[in-house]
Structures are given as C-alpha cells and as structure tokens.
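*Asks:* Here it is, the structure, as structure tokens.
Taken together, the values in this text are just the output of simple stated rules run on the coordinates, not laboratory data. Keep in mind it's a predicted model, so treat the numbers as computed, not measured. Note that each Cβ is placed from the backbone with ideal geometry, even for glycine, and that neighbours are counted across all protein chains shown.
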Amino acid sequence: MHGRALAGRRDEVVLATKFGLVSHADGGVRQINSRPENIRVALEGSLRRLGTDRIDLYHQHRVDPEVPIEEVVGVLAELVTEGKVLEIGLSEAGAETIRRAHAVHPVAAPQSEYSLWTRDPEEEILPLVRELGITFVAYSPLGRGFLTGRFRAPSAPRGRRLARRQPAFRGGEPRPQPGSGGALSPAR
C-alpha cells in the first residue's frame, strides 16, 4: 500500500504492517532482524512510505531467536507510548512466547497459518488467546491457493517456490512447533 491510498481517509482504515524480516541487506537475502534499532528504523520507513503518523497494528513478522521477546515487546511498548503504534502483534509465535510477550505489554493479535491442513493453532494458540481475551489472526485460511487449483503439488514450479519458503511444506525438515517461540524441532 502506498500513502496516496490513505490520503484524506486515514481514519477510515485500520492499517497493519510488519517488521523484522529484512530483505534489503546482504544481497537481498531475507533475514530475521528484530533488534531494537531495526524495529525503529523499520517503523519510521513504514510511516514515511505510508504517509501516516501511526500504525494501527504492528506485527513482528517472525520471532527472532537472537533477541529475547521481552526486549522486542519492550521497544514496541515504547512505540505505543509514543503514539506511533496503537496495537502490537506477533506472527508465528508459540504459546509460551505469546504469554511472555503479553506479560510485558498486551499483545492484540497473534497471527499463525490456520487452514484446512494446518491446524496447529488449535493445540495451544487458540486456547491461549481465549484465556487472554485477545484476537487471533489466521493467515492462508484457503491453503495458499491449493483450493483454487493454483498449485497441483509442492513439486510443481510455483509449489517448489512455496515449499522452499514455508515450514508447513518442508516435510521432514525442522519447523517451529507450538510453544517453541520459534525454536526449531522435528516436523510432525
């Protein structure tokens, strides 16, 4: 989205964006980076590009194993206090990570893949968000295009690109498990 789309109607939309997945450094290789200084740089860039003074929901794209979640949420809490961010979210965080983050500052909306064949959130995440009284954001509920016939198999050209990027399609490779806070463990 570009800031021109918001011109004159900023208060009519809920603006959500993410930080922490950097692709503009090291030759364009996507890397997780939720260091405090990067969070602030990413936010200022988003505000500038979107032509706004605030982000309604600011999501950490993936849990950064190099930065304690308490430190990440501490910076996000400062941004809320400054009025630059209204609510915070975490994407693909395990239940224990969400609980630890929520103890620092309320997490408004954890986000995980939840579809016909990816039901992992039912185990720990959905009970936790009910307990905490917060919203769950499901992504790819229609299975990343599989229901539309976009992919015939993970081995098809588009399917291979998807499978390389997404833990749910990696078969026996390690993938984050609920409650792991992003740590890798064997796939089920």
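*Asks:* Out of residues 5 or more away from residue 59 or on other chains, whose amide H comes under 5 Å of its own, with H placed 1.01 Å from N in the peptide plane?
*Replies:* 17, 18, 19, 89
*Asks:* What is the extension gain from residue 86 to residue 130, computed as 0.36 nm multiplied by their sequence separation minus the C-alpha to C-alpha distance, in nm to one decimal?
*Replies:* Going from the current span to full extension adds 13.7 nm.
*Asks:* Determine, from the Cβ-Cβ distance of residue 14 and residue 37 and an R0 of 30 Å, the FRET efficiency 1/(1 + (r/R0)^6), rounded to the nearest 0.05.
*Replies:* 0.65
*Asks:* If you average the alpha carbon positions of the stretch 70-112 and of the stretch 114-145, how far apart do those two centres end up, in angstrom?
*Replies:* Centre-to-centre distance over Cα atoms comes out at 17 Å.
*Asks:* Which peptide among 29-36, 135-142 comes first, and what is the full order, when sorted by highest mean count of other Cβ atoms within 10 Å?
*Replies:* Per-residue mean Cβ counts within 10 Å order the peptides as 29-36, 135-142.
*Asks:* With a ≥ b ≥ c the root eigenvalues of the C-alpha gyration tensor of the stretch 9-145, is it rounded (a/c under 1.5), prolate (a/b larger than b/c) or oblate?
*Replies:* rounded
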